[in-house]
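Please read the structure below before turning to the comments.
The values are calculated or read from the model by the stated rules, or taken from the named source; none is laboratory data. If you're wondering where the values come from, they're calculated on a predicted model, not measured in any experiment. Glycine also receives a Cβ, built like all others from the backbone with ideal geometry; neighbour counts cover every protein chain displayed.
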Amino acid sequence: MARPQIIVNVSAALARRGAPTATGRAFVVYPTLSTAPAGPAIPVVVRSEAEALAAAVPAQYATWIGDILKQGAPDVVVVRAITAQLSTGIITQAELEAALATFSSDFGPGQVLAPGVATVAARAALLGHANTTGRTVLLDVLENETAASVVSILTALAASPGSKTAGLLPGWPKLPILGGGTRNVPGSVIAAGLAARGDAAVGHANHAPAGDQGRGAGFVTDATGVSIGYTDAELDSIHDAGGSVFRTIRGQVQLYGWKAVSSDVRFDQLNVGRMTMQLGTGIRAGAEAFLFRPIDGRGLLFAELEGFLRGYLSPLYTANALFGATADDAFDVDVAGANTPATITAGEVRANVAVRLTPHAEKVTISVVTESPEGA
């Protein structure tokens with residue numbers, strides 16, 4: 001027998017396998033005429049406007065892809081949607097759905113958008129994609145969409161499947177044109193970049209890429225204004241309906257809200273839906289290491305799986321993505337109790353995970369009391 005001693009074995013964390021789990025990627029689909037199709041028929045990954053142009057993406061959309069990247073996205077997956085209509089502004093829901101279906105799960109999670117396509121059909125197709133894939137979708141309205149119209153659109157979308165991971169972005173930011181002038185950029189384009197920028201800054205998707213936050217979280221790089229301004233009453237109505245508006249505040253163009261269009265109060269903030277996207281893809285990728293492994297009778301596989309899950313969630317708690325005074329308050333994992341002789345015989349391994357997601361502050365109220373000097 002060896003001498004009395006304490007031995008600590010430290011091993012590397014389990015490698016994450018499977019689909020990519022980074023959440024900053026943007027997915028862009030755009031319409032093109034069947035008589036003159038331009039751009040990739042199958043998705044391609046681009047990392048610059050020049051690469052998009054080299055892939056034959058039309059100049060307008062290549063420029064918007066460049067904007068997404070400039071605001072913070074690491075890369076963009078782009079594909080064309082073929083429409084039989086004679087106007088590039090007209091695309092059917094089925095045509096858009098066919099293009100969106102090419103964004104397979106192998107591309108991982110991220111933000112999906114059809115920049116500038118502000119139609120009922122486009123929103124329906126994107127929400128359907130969100131519902132089936134769990135990805136976040138960013139929806140556009142017209143450049144000068146009135147507040148009443150924005151609220152009407154949001155009301156119609158609130159109960160739609162997929163709305164929990166969907167955001168609507170009124171107010172197109174203005175960016176400068178080389179040589180003078182400005183151009184209006186769809187809100188979805190800028191928001192996709194800001195979301196990715198925030199993911200890189202905080203290390204997870206449970207954040208609002210809005211306002212200042214001491215790091216310009218929602219500041220739009222190089223923006224000079226917005227396409228439309230709303231009154232305070234109109235801003236209240238849009239916020240209450242589930243919209244996230246681009247505004248100019250003290251001279252700084254910024255996204256000033258991060259709402260999901262869903263009427264489900266549990267998913268009121270879009271960061272909640274985006275974090276569920278991250279959890280789903282991240283845990284699924286890590287769990288690949290356990291598929292086809294022997295289900296031993298001593299519970300070692302169950303213990304290892306629980307260790308992986310706790311190890312995955314613990315850094316998220318440390319980074320404030322999960323809410324609680326302690327880690328035990330923020331999340332719980334049960335593997336052994338979730339498995340029975342019947343599930344083991346069936347070749348199944350099950351786990352139950354509970355998490356509390358951290359909300360972001362939407363209102364700060366400060367009460368200031370002034371007093372006169374004594375004797376004054």
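Of the helices (runs of 4 or more DSSP H) lying entirely inside segment 284-348, the ones with 3 or more residues being in contact with a Gly (Cβ under 9 Å, 6 or more places away or on another chain) and on the phi < 0 side of the Ramachandran plot are found at 300-318. Take segment 184-215 and flag every residue that is within 16 Å of Gln71 (Cα to Cα), without any contact (Cβ under 8 Å) to a residue 24 or more places away in the chain and of a type outside the set (A, V, I, L, M, F, W, C). Within segment 184-215, just Arg215 meets the criteria. Among the residues of this structure, Val57 does not count as one that is β-branched (Val, Ile, Thr), surrounded by 24 or more Cβ atoms within 10 Å (Cβ to Cβ) and within 28 Å of Ser152 (Cβ to Cβ). Among the residues of segment 91-117, just one is free of Cβ contacts under 8 Å to residues at least 40 places away in the same chain and either crowded, with 21+ Cβ neighbours inside 10 Å or of a type in the set (Val, Ile, Thr) (or both), namely Thr92. Among the conditions (1) exposed (fewer than 14 other Cβ atoms within 10 Å of the Cβ); (2) more than 19 Å from the chain's Cα centre (by Cα); (3) modelled with pLDDT of 95 or more, Asn184 misses just one, which is (1). Given the criteria in contact with a Phe, Trp or Tyr (Cβ under 6 Å, 6 or more places away or on another chain), assigned by TED's automatic domain parsing to the domain that holds Val117, under 22 Å from Phe323 (Cα atoms) and surrounded by 17 or more Cβ atoms within 10 Å (Cβ to Cβ), does Ala217 qualify? Criteria not met by Ala217. Applying a threshold of 7 Å to beta carbon distances and a minimum spacing of six or more residues, or different chains, the list of pairs starting in segment 20-39 at a residue that is closer than 23 Å to Gln85 by Cα and ending at one that is of a type in the set (Gly, Ala, Ser) and assigned to a loop (DSSP other than H, G, I, E, B) reads Val29/Ala114; Tyr30/Ala114; Thr32/Ala38; Thr32/Gly39; Ser34/Ala84; Ala38/Ala56; Gly39/Ala55; Gly39/Ala56.
Mind checking which strands (runs of 3 or more DSSP E) fall wholly inside segment 125-237 and carry at least 1 residues that are out of contact with any strand residue (DSSP E or B) (no Cβ under 9 Å at 6 or more places or on another chain)?
none
Note on segment 238-252: residues that are surrounded by 20 or more Cβ atoms within 10 Å (Cβ to Cβ) and assigned to a loop (DSSP other than H, G, I, E, B) total 3.
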